[in-house]
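Worksheet for the structure shown next.
The values are calculated or read from the model by the stated rules, or taken from the named source; none is laboratory data. Since we're looking at a predicted model, the values are computed, not measured. Positions of Cβ are backbone-derived with ideal geometry, glycine not excepted, and every protein chain shown enters the neighbour counts.
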Amino acid sequence: MKTARSASDLDLMVTRIPYAVYLGLRVDLDEEGVLARLPFRNDLVGNAGLPALHGGVVGAFLELTALFQLLASVRDARIPKPINFNVNFLRSAGPLECLARARVVKHGKRIANVEVVAWQGDRAKPVASGFGNFLL
Amino acid sequence: MRAAMNKPDFALRDFFGDRRQELIAHIPHAVELGMTMEQAGPCQALIRIPQGERLLGAASRGVVFGGVITTLLDQVGGAAVMCSLRELTSIATIDLRIDYMRPSTPGRDLLGHAQCYRLTRNVAFVKARAFHDGELDDPFAIALSTFMLAANPTPPGVMKALRSQQP
């Protein structure tokens, strides 16, 4: 995949987002695009009984993945701003690393629409999916 | 006699009121973010997240990252559903849609208020807003979410935790 930014550009951008650093977000870049990773941590748990990651953390991870796919696709000094974001919680996310990939569905002049899917282990069994619109 | 024919009372009525931290004390990530249960009542809840450096989207702008607001509105939405139940059961978020109308104001705490406006046998419907102190009518984000009831076969932490605390 042709990208506007390198993996090290994206790593640097992660370090500039305190919340992404706090979550422990990792961003890799390959021919498919951005592969985002969220290592499991006990303090990110929402349901201690299962245990399962907090839904908000899963949502935030999807949103970060969408943002980084956009950053990888477009060379623009401005950081896209989320207008809205939709999350479908498909399965509880257990005590494992989460992975996610995003696809820029439409890249307009002012607005970009991005789809995201997150999974653990088996990509055919997503834990969450989402889409959002970003102001460019 | 009449009381017996009425709908059963809210399962968590004993926890309604101000600063009943028990309602979220069993949720590790809520505790980690320093969330406080400001108010709980019939079908509604109000939660605060104190401002903090690690919540920021861009350190230079001082604005909280959108995903933090997702966590706040998911949590307060779940609390509103729990506060609408007549019988305790586990719940799970089905979906959540959030509109970010404007950035949050740097340096201010985040408040989330949610109302469960419809409860069916299987699904709860919630609307929620995020705002700053004294600005309930001027939210910076709005969310609509749905929750599934009796989501997990195993008793969730909340039931055990709350039952053990009930007088």
Of those in region A:34-47 that are crowded, with 19+ Cβ neighbours inside 10 Å and closer than 15 Å to A:Val116 by Cβ, the residue farthest from the other protein chains (Cβ to nearest Cβ) is A:Val34
Restrict the check to region A:76-85 and report whether at least one residue is in contact with a strand residue (DSSP E or B) (Cβ under 8 Å, 6 or more places away or on another chain), closer than 23 Å to B:Ile24 by Cα and either crowded, with 18+ Cβ neighbours inside 10 Å or touching a residue at least 60 places away in the same chain (Cβ under 8 Å) (or both).
-> no
Region B:1-89: strands (runs of 3 or more DSSP E) wholly inside it with 2 or more residues that are within 11 Å of chain A (Cβ to nearest Cβ) are B:56-58
Candidate set from region A:90-102 (those that are within 10 Å of another protein chain (Cβ to nearest Cβ) and under 18 Å from A:Gly49 (Cα atoms)); member that is surrounded by the most Cβ atoms within 10 Å (Cβ to Cβ) = A:Ser92
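Residues are listed down the side, and each one gets a yes or a no for (1) in a strand (DSSP E or B); (2) more than 14 Å from chain B (Cβ to nearest Cβ); (3) in contact (Cβ under 8 Å) with a residue 12 or more places away in the chain; (4) under 23 Å from B:Ala58 (Cβ atoms):
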{"position": "A:Ser8", "(1), (2), (3), (4)": "no, yes, no, yes"}
{"position": "A:Leu12", "(1), (2), (3), (4)": "no, no, no, yes"}
{"position": "A:Tyr19", "(1), (2), (3), (4)": "no, no, yes, yes"}
{"position": "A:Tyr22", "(1), (2), (3), (4)": "no, no, no, yes"}
{"position": "A:Gly49", "(1), (2), (3), (4)": "no, no, no, no"}
{"position": "A:Val58", "(1), (2), (3), (4)": "no, no, yes, yes"}
Conditions (1) buried (at least 17 other Cβ atoms within 10 Å of the Cβ); (2) more than 9 Å from every other protein chain (Cβ to nearest Cβ); (3) not hydroxyl-bearing (Ser, Thr, Tyr) -> A:Asp122 fails only (1)
Determine, yes or no, whether B:Ser164 is at pLDDT below 95, within 26 Å of B:Pro28 (Cβ to Cβ) and either within 9 Å of chain A (Cβ to nearest Cβ) or assigned to a loop (DSSP other than H, G, I, E, B) (or both).
-> no
Subset of region B:35-53 (residues that are over 21 Å from B:Leu88 (Cα atoms) and either touching a Phe, Trp or Tyr at 6+ places or on another chain (Cβ under 8 Å) or modelled with pLDDT under 95 (or both)) | B:Gln51, B:Gly52, B:Glu53
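Yes/no matrix, rows are residues, columns are (1) in contact with a Lys or Arg (Cβ under 8 Å, 6 or more places away or on another chain); (2) at pLDDT 95 or above:
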site	(1), (2)
A:Gly49	yes, no
A:Gly59	no, yes
A:Leu62	no, yes
A:Ala72	yes, no
A:Ala77	no, no
A:Pro80	no, no
A:Leu99	yes, yes
Which numbered condition A:Thr65 fails, given (1) more than 22 Å from B:Ile24 (Cα to Cα); (2) part of a strand (DSSP E or B); (3) within 12 Å of chain B (Cβ to nearest Cβ); (4) not acidic (Asp, Glu) | (2)
For region B:92-109, pairs from a residue that is within 12 Å of another protein chain (Cβ to nearest Cβ) and free of Cβ contacts under 8 Å to residues at least 12 places away in the same chain to a residue that is assigned to a strand (DSSP E or B) and not polar (S, T, N, Q), with Cβ under 6 Å and 6 or more apart or across chains, are none
Within region A:98-118, residues being hydrophobic (A, V, I, L, M, F, W, C) and more than 11 Å from the chain's Cα centre (by Cα) number 4
Do any residues in region A:26-46 that are farther than 19 Å from A:Leu12 by Cα have Cβ atoms under 8 Å from those of residues that are in a strand (DSSP E or B) and of a type in the set (Lys, Arg), where the two are at least six apart or on different chains, and which pairs are they?
-> A:Glu32/A:Arg101
Mind checking which residues of region A:80-97 are under 15 Å from the mean Cα position of the chain (by Cα) and assigned to a loop (DSSP other than H, G, I, E, B)?
-> A:Pro80, A:Ala93, A:Glu97
Applying the selection to region B:58-91, what residues are surrounded by fewer than 18 Cβ atoms within 10 Å (Cβ to Cβ), small (Gly, Ala, Ser) and touching a residue at least 12 places away in the same chain (Cβ under 8 Å)?
-> B:Gly62
Checking A:Ala72 against (1) buried (at least 19 other Cβ atoms within 10 Å of the Cβ); (2) small (Gly, Ala, Ser); (3) closer than 22 Å to B:Ile91 by Cα, which single condition isn't satisfied?
-> (3)
